[in-house]
Structures are given as C-alpha cells and as structure tokens.
Amino acid sequence: MLVGMKSTTDTTKHIEGFEDTVKDFWVSRPRRPHQGRKLAGVAAGVGNRYGIDPVVVRVMFVVLTGFGGIGLALYLLGWLVLAEEGDEVSGIEGLLGRGRSSMPKGLALALCVVLVPTWILSFSWSWFDGGTFLGLALAVAGVYLLHRSRGHLRRPVPTGPATESPAGMTTTMSGTDAGVWGQPVSEAPPTWDPLGADPTGWRLVEESTPAPAPRPEPPAPPRRRSKVGFAATGVALAVGGVGAALAAEGVPWFTPAHVVGLVLAVLGTGMVVGSFLGGGRGLVWLAVPLSLTGLALAAVPIEDVGGGFGDLSATPATAEGVLPVYERTAGDVRLDLTRLTGAENVSTTVRNGAGNVAVLVPPDADVWYTCEAGVGNIECLGQRYTGVNPPEIEGKDFGPDGAGGPKITLTAQAGVGNVEVRRG
C-alpha cells in the first residue's frame with residue numbers, strides 16, 4: 001500500500017539494475033501537489049519529485065501528444081496512479097478499496113473509461129510510422145533515466161495509517177515507538193514485580209534530551225552549462241535537411257510528415273537528456289510549432305502527392321501543351337490557361353500537398369470543375385467554402401457568353417492550403 005507523504009527527504013538509496021529501479025520508482029513515485037498545478041498536477045508532481053521545471057514536463061506531454069496522442073494517454077494514466085498529497089493511495093487503488101483517496105470513485109471510474117479507448121486509439125493513428133511506439137519509448141526512457149540519476153533526492157517521507165510488518169506484527173508510521181503487541185510503549189501493560197511494588201516507582205528521573213532536529217532537505221544541484229540544446233538543434237537540422245533532400249528527390253518513405261516526425265524525435269530525445277543534465281529547455285520553441293505542423297499534416301493524406309518542393313507556374317499556349325497533372329508536395333502551384341482559344345478540349349488535374357492552388361481559365365471557356373481542400377479556403381468560379389475539410393465543390397460554368405469556346409475539364413486539389421479557380 002502506498003502511504004501518505006507530508007514532506008520529502010534526502011535519504012539516499014543505492015539502486016541496482018533495471019528491476020530495482022522500476023520497483024523503487026513505484027514505491028517512491030511522485031505525488032500530485034495541491035499548489036502549482038494546472039490541471040491534475042501530474043506534471044507538477046513529476047517536476048517536484050525530480051527537481052526539474054514543471055513547464056518542461058508539461059511541454060513534453062504536449063510534444064508526446066503529437067506522437068499519436070500517447071502524451072494524453074500517459075497524462076490520464078498519471079492522474080490515476082499518482083496519489084494526491086495527503087492521500088494514502090492513488091485514485092485507482094482507492095477505487096479497488098486499498099486505502100483512502102480524495103479522488104471520488106466516480107471520477108476514477110470515468111478516467112478508467114476514458115483511458116482505455118484513448119490508449120487504444122493512440123496506437124491506431126499517427127502521421128509518423130511507429131510514432132506512438134517511439135513517443136512511448138522516449139517517455140519511458142526519460143522517466144527511467146531521471147529516476148536513476150535523481151531518484152535518491154526528494155524521496156517521499158512515509159506517513160499515514162498502520163502497516164503490517166513482514167513478521168505479521170502491526171506497527172504505526174506516526175513516529176511513536178511501538179511495543180510487541182502493536183501498542184505504544186507508553187501504553188504497554190505494567191510487567192509483574194516480585195516485590196509487589198508499583199513498577200513506576202522504580203523509575204528514576206532522567207534528564208530529557210531534545211529531539212534531534214530534522215535534517216534539512218538538500219538544495220537542488222546547481223544547473224551546469226550544458227551543450228545538449230546546441231547538439232540536439234544541430235542534429236535536428238541535419239536530419240531535417242537530409243530528409244528534405246531525400247523527399248525532394250522523390251524517395252518514397254521521406255514525406256513531409258515523416259521528416260517532421262524524425263526532427264521531433266531528435267528534439268524529444270534532446271529534451272529528455274537535457275531534463276536531468278540541466279540543458280535543452282530552448283528546444284521547446286522548436287518542438288511546439290513542429291508538433292502543430294505535424295498535426296496539420298496528419299489532418300489530410302498528402303503523402304501521395306509528388307512533384308517535389310517549391311513553386312510551380314505554367315502558362316501553356318495550346319491544348320497539346322497542357323499536362324495531364326500539375327503537382328507539388330509543398331509549394332504554390334499556378335496554372336494560367338487564358339491563352340487557350342477556339343474550341344480546344346483539355347483535361348488536367350492541379351494538386352498540391354501543402355500550399356496554394358490557383359488556376360486561371362479563359363473568359364469564354366466552358367469549364368467542368370471539381371475543387372477540394374483538406375484545410376483551407378475554396379473559391380471556385382463563384383462558389384466558396386472555408387475551414388477544415390470543407391465540402392467539395394463541383395459543377396459546370398459556361399461563362400457570361402454561354403456555351404462555346406474552349407472546353408476545360410479541371411480538378412483542383414490542396415491538402416493544406418487555398419484553392420482558387422477564376423476567369424482571367
């Protein structure tokens with residue numbers, strides 16, 4: 001049973017091997033504080049337990065959420081298994097009747113109900129293949145390394161209800177010496193005296209000695225200058241550059257989402273290492289926007305869009321010069337068809353993974369069109385939609401002069417970006 005905690009101690013404990021580390025972590029796992037929490041106090045509890053800035057822990061949860069949502073699942077798990085200050089046991093243990101917990105059983109049950117599908121869904125989708133497993137591995141490795149390096153500091157001081165010793169005798173955790181039968185020494189029954197005298201009469205006056213002052217909690221180790229942030233940034237830039245180059249060359253696996261995932265993995269590793277080496281906090285400002293970018297890329301399936309990176313502009317003069325497909329993985333695509341004349345028939349598709357699509361058609365053209373976007377605005381020959389996954393626009397438009405002129409069949413698509421089709 002996990003007992004309560006009212007302060008921390010600097011009692012050192014030598015930890016042997018992986019199994020001993022895991023067991024010691026469970027025994028001395030963090031407590032969710034009443035002060036300094038933003039939601040349930042999970043990040044604040046982890047930060048207080050290991051002497052790191054809770055802001056770093058919160059950012060790590062946000063970054064890990066980008067890895068398939070595993071950060072959210074881990075936070076809910078911490079809410080359940082980390083007891084609150086002053087409680088005997090955690091919420092899940094209180095639900096099982098193993099001790100007193102201030103968490104209502106209804107809340108504990110609701111968290112269990114939410115945790116199971118969240119945990120399953122986190123392994124069901126990710127913009128980075130195996131990203132959820134990678135995020136989970138980073139989280140486990142980070143906690144393991146933190147406990148190995150700082151687990152002997154700020155250990156919870158056990159207090160609370162009576163516990164049973166290995167020999168079957170009951171002892172209390174309040175600090176009072178206990179007798180053989182579990183009663184305090186001051187309350188133990190008097191022993192038999194062969195002289196028939198009051199046993200208390202034989203006690204001599206003893207000079208009271210003051211209780212030793214409690215050992216103060218050791219100060220947190222001073223922060224050392226660390227090159228973790230610079231090293232992680234350099235490696236992340238190198239990985240991102242190589243990944244972007246391979247993506248531009250059309251290597252199948254290296255899509256924008258995969259490159260973002262690789263860079264996030266490097267930054268996440270740097271923050272985990274820097275959390276106990278005293279560096280790497282500046283990586284947060286790179287990881288957060290990249291995580292948002294990754295989530296945006298995950299909103300639409302742009303990995304099948306080829307063409308490379310960069311802007312594309314084309315102005316064909318004849319129907320034969322119009323390509324069947326104009327596409328870019330990332331960048332802006334602009335197609336000008338205003339030079340087409342007569343009764344020429346053309347059919348083309350303009351698509352873009354991340355960026356804008358703009359198509360100009362002749363004023364007298366008969367246009368059959370289909371316009372769609374995953375995230376962005378659609379303005380297609382007078383029809384307009386905006387937002388996330390806006391409705392697809394399709395129809396036909398013969399222009400102000402009615403039927404006649406070039407006949408154009410057009411499909412315009414954008415994963416993340418705006419789609420615009422208008423007459424030139």
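The values are calculated or read from the model by the stated rules, or taken from the named source; none is laboratory data. This structure is a prediction, so every number in the text was calculated from the model and none was measured. Backbone-built Cβ (ideal geometry, glycine too); neighbour counts: all protein chains shown. With ligands, DNA and RNA removed, areas are computed over all heavy atoms of the protein, side chains included. Shrake-Rupley method; radii C 1.70, N 1.55, O 1.52, S 1.80 Å.
Would the range 328-338 turn up any residue that is open to solvent by less than 40 Å² (accessible area, probe 1.4 Å) and touching a Lys or Arg at 6+ places or on another chain (Cβ under 9 Å)? There is at least one residue in the range 328-338 that is open to solvent by less than 40 Å² (accessible area, probe 1.4 Å) and touching a Lys or Arg at 6+ places or on another chain (Cβ under 9 Å).
Among the listed residues GLY91, GLY71, GLY99, identify the single one that is surrounded by fewer than 20 Cβ atoms within 10 Å (Cβ to Cβ) and among the small types (Gly, Ala, Ser).
Working: GLY91 fails: surrounded by fewer than 20 Cβ atoms within 10 Å (Cβ to Cβ); GLY71 fails: surrounded by fewer than 20 Cβ atoms within 10 Å (Cβ to Cβ).
Exactly one of GLY91, GLY71, GLY99 is surrounded by fewer than 20 Cβ atoms within 10 Å (Cβ to Cβ) and among the small types (Gly, Ala, Ser), namely GLY99.
Pairs please, first residue from the range 225-253 and open to solvent by 60 Å² or more (accessible area, probe 1.4 Å), second anywhere and at pLDDT below 85 and outside any loop (DSSP other than H, G, I, E, B), Cβ atoms under 7 Å, 6+ apart in sequence or on different chains. From the range 225-253, the pairs are VAL235/VAL266.
Of all residues in the range 350-368, those satisfying the criterion of being at pLDDT 90 or above and of a type in the set (Gly, Ala, Ser) are ALA358, ALA365. Could you check the range 52-67 and list, in sequence order, the residues that are open to solvent by 50 Å² or more (accessible area, probe 1.4 Å), under 20 Å from ARG150 (Cβ atoms) and under 10 Å from the mean Cα position of the chain (by Cα)? Passing the criteria: only ARG58.
Restricting the range 299-309 to residues that are touching a helix residue (DSSP H, G or I) at 6+ places or on another chain (Cβ under 8 Å) and at pLDDT 60 or above, which is most open to solvent (accessible area, probe 1.4 Å)? Top of the filtered list is PHE309. Just one of (1) open to solvent by 50 Å² or more (accessible area, probe 1.4 Å); (2) of a type in the set (A, V, I, L, M, F, W, C); (3) in a strand (DSSP E or B) fails for LEU323. It is (3). Checking each residue in the range 398-421 for being over 27 Å from GLY387 (Cβ atoms) and either in contact with a helix residue (DSSP H, G or I) (Cβ under 6 Å, 6 or more places away or on another chain) or free of Cβ contacts under 8 Å to residues at least 40 places away in the same chain (or both) picks out PHE398, GLY399, PRO400, ASP401, GLY402, ALA403. Sub-8 Å Cβ pairs linking a first residue in the range 373-384 that is over 16 Å from GLY355 (Cβ atoms) to a second residue that is of a type in the set (Phe, Trp, Tyr), at least 6 apart or interchain, are CYS380/TYR369; LEU381/TYR369, ordered by first then second residue. Contact annotation: residue pairs with Cβ atoms under 7 Å, 6 or more positions apart or on different chains, pairing a residue in the range 131-156 that is under 27 Å from SER291 (Cα atoms) with a partner that is assigned to a loop (DSSP other than H, G, I, E, B) and of a type outside the set (S, T, N, Q), are GLY131/PHE67; GLY131/GLY68; THR132/PHE67; THR132/GLY68; THR132/PHE123; LEU134/PHE67; GLY135/PHE67; GLY135/GLY68. Taking the range 23-45 as the range and being hydrophobic (A, V, I, L, M, F, W, C) and touching a residue at least 60 places away in the same chain (Cβ under 8 Å) as the test, only PHE25 passes. Would you confirm, using the coordinates I've provided, whether GLU372 is more than 12 Å from GLY417 (Cβ to Cβ), modelled with pLDDT under 95 and of a type in the set (Asp, Glu)? Answer is no for this residue.
Being in contact (Cβ under 8 Å) with a residue 12 or more places away in the chain, more than 20 Å from ALA43 (Cβ to Cβ) and assigned to a helix (DSSP H, G or I) is the filter here; which residues of the range 70-119 pass it? Scanning the range 70-119 gives GLU93, GLY94, LEU95, LEU109, CYS112.
Return the residue satisfying two criteria in turn: it lies in the range 22-51 and is open to solvent by 20 Å² or more (accessible area, probe 1.4 Å) and outside any helix (DSSP H, G or I), and of such residues it is farthest from GLY86 (Cα to Cα). Result: GLY51. Checked against (1) of a type in the set (Gly, Ala, Ser); (2) in a loop (DSSP other than H, G, I, E, B); (3) modelled with pLDDT of 90 or more, SER347 meets all criteria but (2). Scanning the range 52-66 for residues that are in a loop (DSSP other than H, G, I, E, B) and within 19 Å of PRO289 (Cβ to Cβ) returns a single hit, GLY66.
Count of the range 340-390 residues, restricted to those that are on the phi > 0 side of the Ramachandran plot, of a type in the set (Gly, Ala, Ser) and surrounded by fewer than 19 Cβ atoms within 10 Å (Cβ to Cβ), is 3. Just the residues that are within 15 Å of ARG423 (Cβ to Cβ) and of a type outside the set (Asp, Glu), please, taken from the range 349-369. Matches in the range 349-369: ALA358, VAL359, LEU360, VAL361, PRO362, PRO363, ALA365, VAL367, TRP368, TYR369.
With respect to the conditions (1) at pLDDT below 85; (2) open to solvent by 30 Å² or more (accessible area, probe 1.4 Å); (3) closer than 20 Å to GLY331 by Cα, GLY415 lacks only one, and its number is (2).
The residues in the range 38-47 that are modelled with pLDDT of 85 or more and out of contact with any strand residue (DSSP E or B) (no Cβ under 8 Å at 6 or more places or on another chain) can be counted, and the count is 4.
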